[in-house]
Amino acid sequence: MSAVLSMTGFASVDGNLDGGRGFGLTMKAVNHRHLDLSVRVPMGMDALEPTLRKTVKAAVRRGHVELTLMLEKISASAAIELDEVLLEAYVMAFLQAAEQFGVKQDPDLNGLLRMPGVMSASVKAVNAGEIEGPVTAAMSLLLERFNAAREAEGAALAADLRAGMKTLSALADEARVLREGVAAAEFARLRAKLEELLDSSPVTEERLVSEAAMITARGDVEEELVRLRTHIDRFTEILDGGGEVGRQLDFLLQEMNREANTLLSKSGGTTGLRLTDVGLEMKVGLERAREQVQNLE
């Protein structure tokens, strides 16, 4: 049995390149109808994006997923290069100007070193080929952590959904019992109403039964309750099977909501007040379940 996965998750891993430079990978996701993947890599690392996309798509089916690769800044250990020829040119220009204008002053080395081009910091560039191996290896651990987080949340959602289906099943059983009582009450109320309309003349059983049958048919919810029970059983079966269940469960919840609406439309009248309450409780539970299912892959 496959695990039920949530579409919401977060994970991160750190790694090091051969030269000691560090990098980090983070992945986060929220619910989405399809797989909407965004990959961010440092400048010059675009060649890595197709490999990263392929790796993520092999492990994730749905959700808005953001994958980010970050390289450690190493400016503090960058090599400093001094352009001696340019510095000498600046010194000679200073001395010539001082002699020409009669200024007795030694060159300011601090100021000369700040002149454009005299000093520069060189950082060894990292190409995509050098980083691909370590990053690919780190991706395996990242996806393992990411899916573990999604599985834990998915298990919690599945447990909540199973509890909701049990409550819905109990409400369906109560509705069936209530409907039997409502039919008897409708029968007695119909007898009293007909006798009142006919100036208290006795009402024949045949006419009473005929009128009661029509009223009962209009308010009968047995078919809706049977279909609701079938949907509940199928919902639990799919949930227990695991895997990509989100879309299937969402469709079943729509069908259950349709049956609950029909139940409400047939439960009018003073004798059906509790039946109406049951229908409303069903709809509240179904709406909560639908919000939870929206987060399942």
Conditions (1) open to solvent by less than 70 Å² (accessible area, probe 1.4 Å); (2) over 30 Å from Glu130 (Cα atoms); (3) in a loop (DSSP other than H, G, I, E, B); number of the one not met by Ala59: (2)
Residue list for the range 236-278, restricted to those being surrounded by 22 or more Cβ atoms within 10 Å (Cβ to Cβ) and in contact with a Ser or Thr (Cβ under 6 Å, 6 or more places away or on another chain): Ser267, Leu275
Lone qualifier among Leu296, Leu253, Leu228, Leu286 - being more than 19 Å from Ala170 (Cβ to Cβ), modelled with pLDDT of 90 or more and in contact with a helix residue (DSSP H, G or I) (Cβ under 9 Å, 6 or more places away or on another chain): Leu296
Some residue of the range 4-16 being loosely packed, with under 14 Cβ neighbours inside 10 Å, modelled with pLDDT under 95 and outside any strand (DSSP E or B): no
Index of the failed condition, Glu186 passing every other in (1) surrounded by fewer than 17 Cβ atoms within 10 Å (Cβ to Cβ); (2) of a type outside the set (S, T, N, Q); (3) at pLDDT below 95: (1)
Total residues in the range 19-49, condition touching a residue at least 24 places away in the same chain (Cβ under 8 Å), over 30 Å from Ser6 (Cα atoms) and of a type in the set (A, V, I, L, M, F, W, C): 2
Selection count where residues are buried (at least 19 other Cβ atoms within 10 Å of the Cβ), modelled with pLDDT of 85 or more and of a type in the set (D, E, K, R), scope the range 140-183: 1
Pair list, Cβ under 7 Å, 6 or more apart: the range 128-156 residue in contact (Cβ under 8 Å) with a residue 60 or more places away in the chain, other residue open to solvent by 70 Å² or more (accessible area, probe 1.4 Å) and not in a helix (DSSP H, G or I): Ala149/Phe10
Number of the exception - Val41 against (1) modelled with pLDDT under 95; (2) surrounded by fewer than 17 Cβ atoms within 10 Å (Cβ to Cβ): (2)
Check on Gly268, among the small types (Gly, Ala, Ser) and modelled with pLDDT under 95: yes
Members of the range 62-77 found to be surrounded by fewer than 18 Cβ atoms within 10 Å (Cβ to Cβ) and within 13 Å of the chain's Cα centre (by Cα), listed by number: His64, Glu66
The lone exception for Ala213 - which of (1) at pLDDT below 95; (2) under 24 Å from Asn31 (Cα atoms) it fails: (2)
The range 99-136 - residue that is aliphatic (A, V, I, L, M) and closer than 30 Å to Gly15 by Cα and, of those, modelled with the lowest pLDDT: Val123
Which listed residue is modelled with pLDDT of 95 or more, more than 18 Å from Gln294 (Cβ to Cβ) and of a type in the set (Asp, Glu), from Glu72, Glu66: Glu66
Qualifying residue in the range 242-265 (condition: more than 27 Å from the chain's Cα centre (by Cα), free of Cβ contacts under 8 Å to residues at least 12 places away in the same chain and at negative phi): yes
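The values are calculated or read from the model by the stated rules, or taken from the named source; none is laboratory data. Being a predicted model, the structure only gives us computed values, none of them experimental. Because the Cβ atoms are built from the backbone with ideal geometry, glycine has one as well, and the counts that use them run over all protein chains shown. Each accessible area value is taken on the protein alone, full model and side chains, heavy atoms only, with ligands, DNA and RNA left out. Shrake-Rupley method; radii C 1.70, N 1.55, O 1.52, S 1.80 Å.
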